[in-house]
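Comments concern the structure below.
The values are calculated or read from the model by the stated rules, or taken from the named source; none is laboratory data. These numbers were taken from a predicted model, which means no experiment stands behind them. Note: ideal-geometry Cβ built from the backbone for every residue, glycine included; neighbour counts use all protein chains shown.
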Amino acid sequence: MKFYRYTIVALLAFLLTTNLTPVAAKSPISINPSSITQIKQSNILFEGKQFYDEGKLTQAAQIWEKAVKEFEQQGELRNQVLANNYLSVVYQDLGKWEAATKAVNNALKLVKQVDDGLLSAQVLNTNGNLKLKTGNPQTALDNWKQSEKIYRQLGDVTGIVLSQINQAQALQNLGFYRRGRTKLEQVAVDLEKLPDSLLKARGLRSLGITLQAVGDLDNSQKVLLQSLNIAQKSNYAADIAQVLLVLGNSAKVSNELTTALDYYQKAAAIAPDYRSKLSAQINQFSLLVKIEQPSSALELLPEIKNLFTNIPSSRFSVYSRVNLAQSIINNKELGVEYQELGNILATAVKQARELKDIRAEAYAVGQLGHLYEQTKQFSEALKLTRNGLTLAQGIQAPDISATLLWQQGRIYKARGNQESAISAYSQAVNNLKSLRQDLVQMNPNVQFTFRDEVEPVYRELVQLLLQDVDNLTPQIKQQRLEKSRQIIEGLQVAELENFLRAACLTYQPQPIEQIDKNAAVIYPIIIDNRLEVVLSLPNRPLQHYSNQVSPEEEIAVFNQLRQSLNVAFPANEVLPPAQKVYDWLIRPIEAELEKSQTKTLVFVLDGFLRSLPMSVLHDGEKFIIEKYNIALTPSLQLFESRNIPSQQFKALTGGLAKARQGFSALPGVETEITRIANFLKTQTLLNEQFTRPQVQNKIETAPFSVIHLATHGQFSSKAEDTFLLTWKDRINVKDLGKWLKTPSSNLRNREPIELLVLSACQTAKGDKRAALGLAGVAVRSGARSTLATLWSVQDKSTADLVTEFYRVLTQDGINKAQALRQAQLSLLKDTKYQHPYYWSPFVLVGNWQ
């Protein structure tokens, strides 16, 4: 059962403070104004509410269980509904899904006998939250639509707005990203209708958090700043602190660490309650450790410890202690004694057990196991890790289970138990896969990031699988190599989903012999002091070879090659690094490639290699493009292999020849677009016509098989910084994907486009993972193939290459990889354009046929 952690619950009368937890801020109970009076009239409900607010969830559940029985005996229907409703909420927090379902079903049944619209809406909200958390977003959406209908009948604008926020979250989970975004845009409009008030400030904050969760950081910040402004005008100190915390988290995600630190400091200074103050202080501490300011971090410790003395035992206090310890454990330069860390975590475990909070206990016990792992007390570490894992699996918490399985794998590895380590790592990866939706909607409160706690699990598993693999029996070796290939492709998919913040990539695993009998797939894998390579040939066993290369040497060679491709350097300076990379990736398999009559090399590139054009690799006599067709793919799991005859292509061509928005002119664009019309049926948008609305309209209303855009663009490791320039605006990666995948009604059944060409883009300077943006565009667009540039060549050579590409492509029996190779060779043979700067940046991503 999936645990959808980032549900934005309807926030009506009040919000609980944002808590640091291992998964997300705890969802508040959704209460309507008319319900507040009912709580005040019922001491037993209010008593449970106090326990809940303090994070004493088990005690709250016990009180409300008692309340259900009392109200049933007394025949008090309204209070029975309330008690069952609250009981469902707390059971959800405790991970008791069957009990939560039973309680909310009771509430749904009883509320039909009560003439109270607001109460009905509240129960529908609770049921919606439960359905979303347990992997049924459609039912959640239906519930929130019903609650919105009730609020509209009652004229409750606040209820309408917050029901719509919940609906947007459900739509995102269903994969209806455009509809979800439209819903959020409507929320923004409705919020503007409200007068400035505490409820409006909180509604805006909830909207900002939702936008943040779906990756729209720019609009999230605008909305959050508006919420902050309203809270500051009315001097709502608690709400000011809350929105400052969220803004700090957003800045941290955007790597604006100084800004994040400033927000946290301001939140700590103004927070009127210990929870917000402690959250802000721990966030500050964690960030100071991250930016290597240990002395400043240590200055905060006395105040943090003092705050702990004033906090009653609760889930919040458990998580806070664990998160503090987590920030310290891996940073020995802080000088905090292990004994002190042990005491912090032991207190957290003790409190969790007293609270009978299994989730909190699993988290705390697991972190205590990590402390023992760091001190190399592996027997005790393994015992604690297993205990935490048993607890987590018992309440179906795959997020905690994934972390502890990874930890268990590391411990087994340290003890030399390779088989057990592989088993634990494999289970960790499976748990991460089950959390795909959560991982891409990563709440920045969570100390669970892709680069730190997802990617390493995949890489370390591959490292284990390939360790001494050549010394194993042929059968076991093939099993290990096949699993390594699957894991590295899974990592590529996970990384793209993290980039796109959408778990919408469809898996279509295909054996290479079903795709192309004359293609070889090469998987370079960067691991510690080795550059591993796995080779897949049709109908042949997988092959493996390993290069002992230090990370420093790898980076030096890769940087040297990338720099030498600048036209300012002589062409012969490319050769030494190009030959070195060839020696690592291709030299050991030259004979196999010739023997298998390979015509196309397909690279599934890793890390910084994505920023290098493989066509420039050199064997000492020739560039590799002179011998093979070259293509790239993030994964053979992603791209459909079917294609259509190129003679039937209908193209949308567009671009900017003139200088716009601070970008230089591209004088060859007009020639480029004019020549394409010699080979394909085209519709063209040039210069003033090349606007964002025009491009959107054309894409959504006409069945193009080719879209060719010759304009400045940038590929970045951040989706929000990956864009194409138009006359007055920009098109970002998500916009392009939405337009291509959500056509107008007359094109509902159209096929994905065959070819997307971006002929004047470049990877962001200084961004080592910028080429991820290129793969992101290719995948998000849904295009079967994408032809793009790693850097922009502002010269007529681009028009010449593009012309030759289309000329060759429209010939019978020629595929895209062959056409690109012939086009690149035409420049290589031209004395004016022999330098790789001109011909090597063009890369084909996806289906090469």
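Of all residues in segment 94-146, which are in contact with a Lys or Arg (Cβ under 8 Å, 6 or more places away or on another chain), touching a residue at least 60 places away in the same chain (Cβ under 8 Å) and not in a helix (DSSP H, G or I)?
Matches in segment 94-146: GLY95, ASP116, THR134, GLY135.
Those residues that are without any contact (Cβ under 8 Å) to a residue 40 or more places away in the chain and either crowded, with 17+ Cβ neighbours inside 10 Å or in contact with a strand residue (DSSP E or B) (Cβ under 9 Å, 6 or more places away or on another chain) (or both), I need them from segment 275-297; list them, please.
Residues satisfying the conditions are LYS277, ALA280, GLN281, GLN284, LEU287, LEU288, ALA297.
How do the pairs read when you match residues in segment 492-509 that are over 19 Å from ARG181 (Cα atoms) with residues anywhere that are β-branched (Val, Ile, Thr) and modelled with pLDDT of 75 or more, using Cβ under 8 Å and keeping only pairs 6 or more apart or on different chains?
The qualifying pairs are GLN492/VAL604; ALA494/VAL454; LEU496/VAL779; TYR507/VAL493.
Looking only at residues in segment 367-408 that are part of a helix (DSSP H, G or I) and among the charged types (D, E, K, R), which one is modelled with the lowest pLDDT?
Among them, the one singled out is ASP399.
Just to be sure before I move on: is LEU575 modelled with pLDDT under 95, part of a helix (DSSP H, G or I), closer than 24 Å to LYS765 by Cα and not assigned by the TED database to the domain that holds ILE487 in the structure I sent?
no
Are any of the residues in segment 556-570 touching a strand residue (DSSP E or B) at 6+ places or on another chain (Cβ under 9 Å), at pLDDT 95 or above and either of a type in the set (A, V, I, L, M, F, W, C) or not in a strand (DSSP E or B) (or both)?
no
Within segment 334-360, take every residue that is in a helix (DSSP H, G or I) and in contact (Cβ under 8 Å) with a residue 40 or more places away in the chain and give me the one that is surrounded by the fewest Cβ atoms within 10 Å (Cβ to Cβ).
Among them, the one singled out is GLU354.
For ARG769, are the conditions met, namely being farther than 25 Å from ALA665 by Cβ and in contact with a Gly (Cβ under 7 Å, 6 or more places away or on another chain)?
no
Looking at segment 306-320 only, could you name the residues that are in a helix (DSSP H, G or I) and either among the small types (Gly, Ala, Ser) or over 20 Å from TYR52 (Cβ atoms) (or both)?
ASN306, LEU307, PHE308, THR309, SER317, SER320
Give THR803, THR798, THR831 a once-over and let me know the one that is modelled with pLDDT of 90 or more, β-branched (Val, Ile, Thr), closer than 27 Å to LYS650 by Cβ and surrounded by fewer than 22 Cβ atoms within 10 Å (Cβ to Cβ).
When all the criteria are applied, what remains is THR803.
Consider LYS266 carefully, then state whether it is over 27 Å from ALA168 (Cα atoms) and modelled with pLDDT of 95 or more. If you could, list the steps in order and put the result at the bottom.
Working: over 27 Å from ALA168 (Cα atoms): yes; modelled with pLDDT of 95 or more: yes.
Yes, satisfied.
Of all residues in segment 663-690 being among the hydroxyl-bearing types (Ser, Thr, Tyr) and over 37 Å from the mean Cα position of the chain (by Cα), which is nearest to TRP791 (Cα to Cα)? Spell out the reasoning first.
Quick first cut of segment 663-690, residues among the hydroxyl-bearing types (Ser, Thr, Tyr) only: 664, 671, 674, 682, 684.
Okay, now just the ones that are also over 37 Å from the mean Cα position of the chain (by Cα), so 671, 674.
Values: THR671: 20, THR674: 22 Å.
Only one residue fits best here, namely THR671.
What pairs come up if the first residue lies in segment 612-637 and is farther than 18 Å from PRO524 by Cα, the second is β-branched (Val, Ile, Thr) and buried (at least 24 other Cβ atoms within 10 Å of the Cβ), and their beta carbons are under 7 Å apart, counting only those six or more places apart or on different chains?
From segment 612-637, the pairs are PHE623/VAL616.
Tell me which residues, restricted to segment 374-395, are surrounded by fewer than 16 Cβ atoms within 10 Å (Cβ to Cβ) and more than 22 Å from ASN330 (Cβ to Cβ).
THR390, GLY394
From the residues in segment 803-830 that are among the aliphatic types (A, V, I, L, M) and under 34 Å from the mean Cα position of the chain (by Cα), which one is farthest from GLU754 (Cα to Cα)?
My answer is LEU820.
Inspect all residues belonging to segment 166-180 and state whether any of them is more than 30 Å from SER434 (Cα to Cα) and either out of contact with any Pro (no Cβ under 8 Å at 6 or more places or on another chain) or surrounded by 23 or more Cβ atoms within 10 Å (Cβ to Cβ) (or both).
Within segment 166-180, none of the residues are more than 30 Å from SER434 (Cα to Cα) and either out of contact with any Pro (no Cβ under 8 Å at 6 or more places or on another chain) or surrounded by 23 or more Cβ atoms within 10 Å (Cβ to Cβ) (or both).
Look through GLN167, GLN186, GLN232 and report the one residue that is assigned to a helix (DSSP H, G or I), touching a helix residue (DSSP H, G or I) at 6+ places or on another chain (Cβ under 7 Å) and without any contact (Cβ under 8 Å) to a residue 12 or more places away in the chain.
The match here is GLN232.
Among the numbered conditions (1) modelled with pLDDT of 80 or more; (2) over 24 Å from the mean Cα position of the chain (by Cα); (3) among the hydrophobic types (A, V, I, L, M, F, W, C), tell me where TRP739 comes up short.
Checking TRP739 against (1) modelled with pLDDT of 80 or more; (2) over 24 Å from the mean Cα position of the chain (by Cα); (3) among the hydrophobic types (A, V, I, L, M, F, W, C), the one that fails is (2).
Considering only residues that are farther than 26 Å from GLY490 by Cβ and either outside any helix (DSSP H, G or I) or out of contact with any helix residue (DSSP H, G or I) (no Cβ under 9 Å at 6 or more places or on another chain) (or both), which ones fall in segment 594-625?
Across segment 594-625, the qualifying residues are GLU594, LYS595, SER596, GLN597, LYS599, LEU617, HIS618, ASP619, GLY620, GLU621, LYS622, PHE623.
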